[in-house]
Structure formats: structure tokens, C-alpha cells
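What follows is one structure encoded as C-alpha cells, with my remarks underneath.
The values are calculated or read from the model by the stated rules, or taken from the named source; none is laboratory data. From a predicted model like this one, the values you see are computed outputs, not experimental measurements. Here Cβ is always computed from backbone atoms with ideal geometry, including for glycine, and neighbour counts include all displayed protein chains.
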Amino acid sequence: MRIHRGRIAQHKHDELLRAYLKQNLHELIQQKELVVNGKVKTQLSTLDLPTLRYGDEEAYLAQGAGGAGRGGGGGDEGVQPVGGVLGGDHHGPEVRVELDFDEFVRLAQEVLLDELELPALQRLPRGGEVDTEEFPELDDLDRMGLAADLNLEETLVTSLLRNVRERGVLDFDVDLRQDGWYFVEDPSASRNHRSLEVYVLDISGSMRGDYLALVRKTIFLLWYALERRYPTNLRRYVVFQDVAEEKTREEFFCVESSGGTHISAGFEKAVEMLEGVSEYDTYLFLFTDGETSSGDFELAKRKYEETLDRFDLVCYGHVNPGSRGVGGFSEYVQEVARKRPNATFANLVDLDSVREALRQFLARVDGGSKARCGSTRRSSRGWRS
Amino acid sequence: MREYEAVIARVEELARGLGLRWDPVVFRMSEAEEIAEVASMGLPNRFVHWYWGGAYKEIRLQQDKSLLSILELVLNSRPAYAFLRRSNTYLQNVLVIAHVYGHADFFANNHWFRKSNKNMLNEAERHARTFREYEARYGRETVEQLLDACLTVASTVNAFERDPGRRRRRLVYFLEDHAPLEPYEREMLQAIREEGEYFDLIQRTHISNEGWATFVEATLLRELLSAREWAEVCVHLCARPTPYTLGYALFGAIRRRSGFAGALEARRYYEDVRLIDETLTQELVDRLDLFVYDPRDRSRNTQVEAVKEMLIEQKLYRGEPRVEVEDPDHPRDLVLVHVEEGRKLDPRRIALYLKAVHRLWRHPVRLRANGKLYTYDRRGLSTA
């Protein structure tokens, strides 16, 4: 058997990476521009061998890129550094000291789980689907939509038997009219495996440093928990100050804080995100310091009520790294959340409060699912209080 | 491999006709993962280190995204082992085979390569075994820390340097001779230095070696392929990285000047510095669109002298700062001097670098750079 030295080396590399990340997560996660071109920048000098390098920007050998012309014209355009001149074993400067964002999230989740002493969760197989390599993938036939009560396993077996019988071939050629085998129970009792998650972030002036770190850590942990529950998820990102805008994931993690706070705009935009999405469990996560601009209070109340009517669960994170009292709009939400079953309020002060918020949230999700769905098979001890 | 036997025989016949000579070549069909492994480690059985892990990960990622495809790998060993990628198309592998014979000829005939260690494949395996034994005996962490330090100073090797006086100015040789190391530590430093020299030779001949292999490949394929296939191949050849196209252009220029025999002669005696110095012309610099770019004022210098100087400097000093060992007054002294006083070293790396040197030297280590004297001792870094 071949020894996979490359994989062993990568494992060692990743161990060091994890140790580095663990030490520096708090600083890294606060970077205003967390993701650039899908990568998270780190000061990973330790992951390179610490050979000496020049400090200043130096002239380098380059080549014109793609016939972009050359000569007197200034600018970096059309300048392609000539790399690999040394070849062989020399990968020093070419080793990236940047992390893929997904990898960063994965490592950050590991670190956070460790820090919060939360156990790892198992990924769920997709309910109602047959998860084996011997069967063909039939992603369009899951327990959603028109044939939500279709029992795939039985249907496939029936189809197989029919094909053997009729055509003498061992083949799955599903004909729903003949092979369709349905669950007897009500399809609305089956687990929903799709979620729409809308993340709404207040980017008014106060959003920076510890504030950003808390929000991002919470989001990474939410992703962790939700990914293990919903194999199919849609995520939409909204930022707001005076106005709200939808952003891509990358933009959402590269915010420039400015302007005033109109929480109502955030809620309003979040509701827009529901457009065209049915058959999903819908979650709204809004992070703010709660200091809404004067004049917006009443409107924000109304919009909040509206989101409560439209979303399955509305989680309001009052980001409060300074651990001050809860006032303003947040105070109002805190009150409402005590009464409404699909509202949660979290006072995000530190990592412990993040754990508490997650427990609260998951309890609601489980509770909510029980109301809407069947049984939950997931073990989430430690994630619950 | 059976489907390639006929084409290999034909390539060999054509290559012999051109006057190429080589040691036996063993082709091996391999998966992309194995190629990524060898490419990141440099040799297939080398000791495992986290540093290769980063490169391995990067290559695998790029392979997955089909951004970069390392089509072939060939080792300077006797016999020369060449890796073909199973997922290559037939035509791609024919290209690789022709390219490999260019390398094999270079390995067997180039003055510098003839003197190189053709047994490094087995030596690296032996080193890896020894390191594993040491891990068991002295602890994994101790050995890994030592490896980090050895690899850090190993960048000061020079495979071409034979003069003992100049060699001892290079840190790795100085430490090997004078550092107060345990026998096993010295053996490890020596092993890393030997491997370092093996790779240093490859780096110092990268442009000539790849250039020659591409040049041979193109010459053989023009004979071997149909016009349609040749057209397809030309696209591949043009998309190669700069060292390949630059080397190819340089050997092309030599052939235009003094025929194929002249090119054969050049591949025997040239390494990169001489090849560039004697062959690179303004016309080639213009044609390849090469220039020295200064990001500070966004200026481009397209003069052949500037391009030549930059390339040669990279070749001589591997793009790294020139730090030499000063003659010591006292046996416990180790003073390093950055010889280009005008240029600044990255201060963030200095402490880590000196820590690695201190791990081997044990006594205080001094570095004169950036107009300061840095000292690293048991208490850490201090500056005067």
C-alpha cells in the first residue's frame, strides 16, 4: 500500500495552521475586509520557513500580460510577474499565506467549538432519500414539492423489480405511474431539509473590532449548526445603515461601516428576501447595537412585527461587547421575544453569551420543527441548556 | 503503459538521430495526487515535513480547479524516473514523453548534472528512515524543530561552489563545520544540506534544463506528429511558464546562430547564468515582452541589460538577501552580515530567522543589517 506522504505533510501543515488560527482568531476575524477574492488574508509568517526576505517593495522581472501593450504606459495592468524562475524545490515565496474562506470558516468553527466546549454534530443524511452509491442520484425526487410523500427507497425497489420482470434488465427506470410508492403519513409531517437563512447586519458607525468579531463568530457557529440540519440551504445577506442592501457573501464580510441606523430598512429588506422561496424553513438573523435613528423607532416596530409574521424564526442579536445595559429598540425586542414563540433575543456580550444564544436558538428550531415536522434524530447535547 | 511503447521507441529513435544520449528512462503511469506529492516534496520518498504540506495542498487545489496541470515530472536519477499522468490525453502524454527525453539528455550530458548525485532518490529514502528513527529516539517535537532550523539555513547552499574559503562564508556550511551539535543533529544538518544541493542544482539550471527539454520536445514532435496534431501542440508549447519559453527561445537563437550542433554544445556546458548572459538579446527581450518592473514608480525597463542583470541576480542569489558569515574572532562568535547595505530586510522575519540559527549554533548569534546589530541569545532578540 502506498504511503500518502503528501497527505501526511498536509495534515502536519494544517495542524500548525490550526494552532496559529487558534492563537489569532480574534484578531483575524476583526479584519474589516475579511474575504478578498475568496481568500482570507493572514499574517502567516510562521507557516513559511522563516528565511530572510527583503522588506521594501522591490523591482521585479515581469512579462506583458495578454498582449496588453507595453512601453511608456504606467499602471500595474498588463504586468505579469515572472514566477518559477528558480523551479525545483523552491516554493518559498509562491506558497500562499492566504486561506480559502471556506477553509477559514471550517477551522474557525473547530476553534470555536473547542473554546465553547460544544460537541461536534453529525451531518444528517437527507431524509426520504437513499444515500448509497449503488443507487442513482435522484435529487429532484426528494420529499418536497409535488411528490413530497414519495418513498424513494420503496419506489426504486419496485422499479428495479419491474424492470427485471418486464425487460430482464437490472436497471432503475423509474416510472412514477407504475412504481410510485408513497408514504402513508402526511407529507407536512416530514422533516424539512431546506432552509432560507437571511443574515442582516447593522453597519452603522459603531460596527468594528470586537463588535465584528462577535457577529462573525456567532454566524460561523450558526452555519455549523444549520449546515448539519439542512443539507440544502439558501443564504442571503443584507447590510443596512440608513438604507438596506443585499450583498454577496464576500461583500458581507468586507463591510465599511458608516452612516446612521434604520433598523426598519433591515427588516424590510429581509422580508423581500422571502420572495419566491416556499417550502423552506425560514430564519432571520439580525445583528445590531439597537441604537436606531430617532424617528425610525415606530416604523422599526411595525417592520419587526411583519418579519415575525413572515419568518419561521426571527433571531435578534443585540451586539454589546461593552456589556452595557439593553436599551432602545433592543429593549423593545427583548420584551416581544418573551411573548412570541418564533422570536429570540440574544444579548451578545462575549463568547459565553454566544453559546447561550445558540442554545436558545436551537431549542426554538427543535421546538419549531417538532411543531411543523416529525421527530428529530439529531443529538445536540451540549448545544442545549 | 503498453499503448505508449511504440511511440516511446519512435521517440528514442528520432532522439538518437539528433545526437541525444541518455541514461535509461523508466516511465510510470501515475495519478494526479502522486504527481502533486512528488512535485511538492521534490522527491517521492523524502522525509515528511509540514512545509511540503502547504505546497501539496495548493497544487491539489489547483489540480481540482484545473488551473495548473503538472503534466509530467522527471527525476535526475539513474535510471531517470518519469511520471506520466493517467488523466492526460494520449497526445499530452506523447508531448510529455518527448519532453522527458530532453531532460534525460540534459541530465546525462550537461557538465553540472553529470557531476550531480544520481542516487539522491535512495539517499532521500535513507534520510527519511534515519529521521524517523531519531523521532522515536529523541522525540518528534525535538526532531521537527531541528528540521525547521536546518531547512531554514539550507537556503544558503550552493551546488556550484567548490572554493572552501567562499563556502565557509555560507551559513549552512559554516554551521556544519563549527556548530556545537550532537552527532545525530550534525547528521541531520548534513542530510538536509545534501538534499539542498541537489535542488540547488535544479534551480540554477532551471531555464536551460526546461528550455532544452522544450526545444527537444518541439524538434522531435515536428517529426513525429501530423500537421493537425502539431498545430494543437503548438498551443500547448506557447502556454508554458516563462522559464520554459525563455529557455526554448534561447536555444532556438543558438540553433539559428550555430546549427543544432551548436545547441547540443550549449546544453553540454551552459547553466542558466551563462546561457542568459551569452544568449539573451534585445530582440528576444522584445519578442518575449520581458521587462523589469518597479512598482514604486510603475516604471518598466525593457533594456536587455536590466533584464539580464535581474535574471542573473535571481539565479546567483535565489532572490534572497545575501547574508554572509563574517570571520569570527572567537570560536563562539557567529556574526552574519547583510552585504547589500542599501537594501532593507523585512524586520518581522529577523527574529524567527535568528531563532532558527540559534537553535543550531547555541551561542549568541549576531546579524548586521538595516543599519543595526541584531543579537539573538537565550533571552531572545535584542537590537543595538
Picking from B:Val11, B:Val7, B:Val26, the residue that is among the hydrophobic types (A, V, I, L, M, F, W, C), out of contact with any helix residue (DSSP H, G or I) (no Cβ under 7 Å at 6 or more places or on another chain) and not in a loop (DSSP other than H, G, I, E, B) would be B:Val26
Residue set B:Ala124, B:Ala108; condition part of a helix (DSSP H, G or I), among the aliphatic types (A, V, I, L, M), within 15 Å of B:Ala213 (Cα to Cα) and under 18 Å from the mean Cα position of the chain (by Cα); output residue B:Ala108
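Inspect the stretch B:42-61 for any residue being away from chain A (no Cβ under 11 Å) and either within 23 Å of the chain's Cα centre (by Cα) or surrounded by fewer than 22 Cβ atoms within 10 Å (Cβ to Cβ) (or both) and give the result as yes or no.
Filtering the stretch B:42-61 down to residues away from chain A (no Cβ under 11 Å) leaves none.
Within the stretch B:42-61 (the criterion being away from chain A (no Cβ under 11 Å) and either within 23 Å of the chain's Cα centre (by Cα) or surrounded by fewer than 22 Cβ atoms within 10 Å (Cβ to Cβ) (or both)), the answer is no, since none of the residues qualifies.
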Checked against (1) outside any strand (DSSP E or B); (2) surrounded by fewer than 23 Cβ atoms within 10 Å (Cβ to Cβ); (3) more than 16 Å from the chain's Cα centre (by Cα); (4) modelled with pLDDT of 85 or more, B:Ala82 satisfies every condition except (1)
Would you check if there is a residue in the stretch B:91-104 being within 14 Å of chain A (Cβ to nearest Cβ), outside any helix (DSSP H, G or I) and closer than 23 Å to B:Arg222 by Cα?
no
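For the stretch B:269-337, list the helices (runs of 4 or more DSSP H) that sit wholly inside it and hold at least 2 residues that are within 18 Å of B:Ala159 (Cβ to Cβ); which are they? Break it down into steps so the answer makes sense when it comes.
Working: elements: B:272-279, B:282-288, B:304-317.
Result: B:272-279, B:304-317.
Given the criterion at pLDDT 90 or above, of a type in the set (Ser, Thr, Tyr) and either assigned to a strand (DSSP E or B) or buried (at least 21 other Cβ atoms within 10 Å of the Cβ) (or both), identify the matching residue among A:Tyr230, A:Tyr199.
Values: A:Tyr230 fails: at pLDDT 90 or above.
The conditions single out A:Tyr199.
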Going through (1) surrounded by fewer than 20 Cβ atoms within 10 Å (Cβ to Cβ); (2) within 11 Å of chain A (Cβ to nearest Cβ) one by one, B:Arg228 fails only at (2)
Across the stretch A:5-24, the tally of residues that are more than 7 Å from chain B (Cβ to nearest Cβ) and more than 25 Å from the chain's Cα centre (by Cα) stands at 1
Scanning the stretch A:238-274 residue by residue, those in a loop (DSSP other than H, G, I, E, B), more than 19 Å from the chain's Cα centre (by Cα) and surrounded by fewer than 17 Cβ atoms within 10 Å (Cβ to Cβ) turn out to be A:Asp242, A:Val243, A:Glu256, A:Ser258, A:Gly259, A:Gly260
Subset of the stretch B:293-307, residues within 10 Å of another protein chain (Cβ to nearest Cβ) and of a type outside the set (Phe, Trp, Tyr), comes to B:Asp294, B:Pro295, B:Arg296, B:Asp297, B:Arg298, B:Ser299, B:Arg300, B:Asn301, B:Thr302, B:Ala306, B:Val307
Of the residues in the stretch A:1-25, those that are farther than 18 Å from B:Glu58 by Cα and part of a helix (DSSP H, G or I) come to A:Ala19, A:Tyr20, A:Leu21, A:Lys22, A:Gln23, A:Asn24, A:Leu25
Subset of the stretch B:194-207, residues touching an Asp or Glu at 6+ places or on another chain (Cβ under 6 Å) and either more than 11 Å from chain A (Cβ to nearest Cβ) or basic (Lys, Arg) (or both), comes to B:Arg204
Problem set entry | A:Pro341 vs. criteria touching a helix residue (DSSP H, G or I) at 6+ places or on another chain (Cβ under 6 Å) and modelled with pLDDT under 90 | no
Taking the stretch B:217-244 and keeping only residues that are more than 26 Å from the chain's Cα centre (by Cα), assigned to a helix (DSSP H, G or I) and not hydrophobic (A, V, I, L, M, F, W, C), one is left with B:Arg222, B:Glu223, B:Arg228, B:Glu229, B:Glu232
Those residues of the stretch A:285-317 that are farther than 14 Å from A:Ala265 by Cβ and outside any helix (DSSP H, G or I) come to a total of 13
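Every residue in the stretch B:361-382 that is within 13 Å of chain A (Cβ to nearest Cβ) and either under 19 Å from B:Glu320 (Cβ atoms) or not hydrophobic (A, V, I, L, M, F, W, C) (or both), please. Reasoning before the result, please.
Going through the stretch B:361-382, the residues within 13 Å of chain A (Cβ to nearest Cβ) turn out to be B:365, B:367-372, B:374, B:376, B:381.
Result: B:Val365, B:Leu367, B:Arg368, B:Ala369, B:Asn370, B:Gly371, B:Lys372, B:Tyr374, B:Tyr376.
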**Q.** Flag if B:Ala261 is surrounded by fewer than 24 Cβ atoms within 10 Å (Cβ to Cβ) and touching a Lys or Arg at 6+ places or on another chain (Cβ under 8 Å)
**A.** no
Filter the stretch A:50-64 for residues that are within 16 Å of B:Ala306 (Cα to Cα) and assigned to a loop (DSSP other than H, G, I, E, B); the one that is farthest from the other protein chains (Cβ to nearest Cβ) is A:Glu58
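Filter the stretch A:275-287 for residues that are modelled with pLDDT under 90, out of contact with any Lys or Arg (no Cβ under 6 Å at 6 or more places or on another chain) and surrounded by 19 or more Cβ atoms within 10 Å (Cβ to Cβ) and give the result.
To start, the set of residues in the stretch A:275-287 that are modelled with pLDDT under 90 comprises A:275-282.
Now restrict to residues that are out of contact with any Lys or Arg (no Cβ under 6 Å at 6 or more places or on another chain): A:275-279, A:281-282.
If the condition is that a residue be modelled with pLDDT under 90, out of contact with any Lys or Arg (no Cβ under 6 Å at 6 or more places or on another chain) and surrounded by 19 or more Cβ atoms within 10 Å (Cβ to Cβ), then A:Asp281, A:Thr282 are the ones that fit.
The rows are residues; the columns are (1) modelled with pLDDT of 85 or more; (2) under 30 Å from A:Phe311 (Cβ atoms); (3) not charged (D, E, K, R).
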{"residue": "A:Glu154", "(1), (2), (3)": "no, no, no"}
{"residue": "A:Val164", "(1), (2), (3)": "yes, no, yes"}
{"residue": "A:Phe172", "(1), (2), (3)": "no, no, yes"}
{"residue": "A:Asp179", "(1), (2), (3)": "no, no, no"}
{"residue": "A:Val184", "(1), (2), (3)": "no, no, yes"}
Cβ pairs under 7 Å, 6+ apart or interchain, first in the stretch B:342-355 and within 7 Å of another protein chain (Cβ to nearest Cβ), second of a type outside the set (D, E, K, R) and assigned to a helix (DSSP H, G or I), ordered by first then second residue, are B:Arg348/A:Ser45; B:Arg349/A:Ser45; B:Leu352/A:Ser45; B:Tyr353/B:Thr152
Going by what's in this entry, would B:Arg162 be described as part of a helix (DSSP H, G or I), free of Cβ contacts under 8 Å to residues at least 24 places away in the same chain and not acidic (Asp, Glu)? no
Going through (1) at the interface with chain A (Cβ under 7 Å from one of its Cβ atoms); (2) touching a residue at least 40 places away in the same chain (Cβ under 8 Å); (3) under 27 Å from B:Arg168 (Cβ atoms) one by one, B:Leu290 fails only at (3)
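Within the stretch B:183-196, which residues are in contact with a helix residue (DSSP H, G or I) (Cβ under 9 Å, 6 or more places away or on another chain) and either of a type outside the set (A, V, I, L, M) or part of a loop (DSSP other than H, G, I, E, B) (or both)? Give the derivation first.
Restricting attention to the stretch B:183-196, the residues satisfying the condition of being in contact with a helix residue (DSSP H, G or I) (Cβ under 9 Å, 6 or more places away or on another chain) are B:184-196.
Hits for the stretch B:183-196 are B:Tyr184, B:Glu185, B:Arg186, B:Glu187, B:Gln190, B:Arg193, B:Glu194, B:Glu195, B:Gly196.
Looking only at the stretch B:289-320, how many residues end up being under 19 Å from B:Val273 (Cβ atoms) and either modelled with pLDDT under 90 or among the hydrophobic types (A, V, I, L, M, F, W, C) (or both)?
Quick first cut of the stretch B:289-320, residues under 19 Å from B:Val273 (Cβ atoms) only: B:290, B:292, B:303-320.
Remaining after also requiring either modelled with pLDDT under 90 or among the hydrophobic types (A, V, I, L, M, F, W, C) (or both): B:290, B:292, B:304, B:306-307, B:310-320.
Number satisfying all stated conditions: 16.
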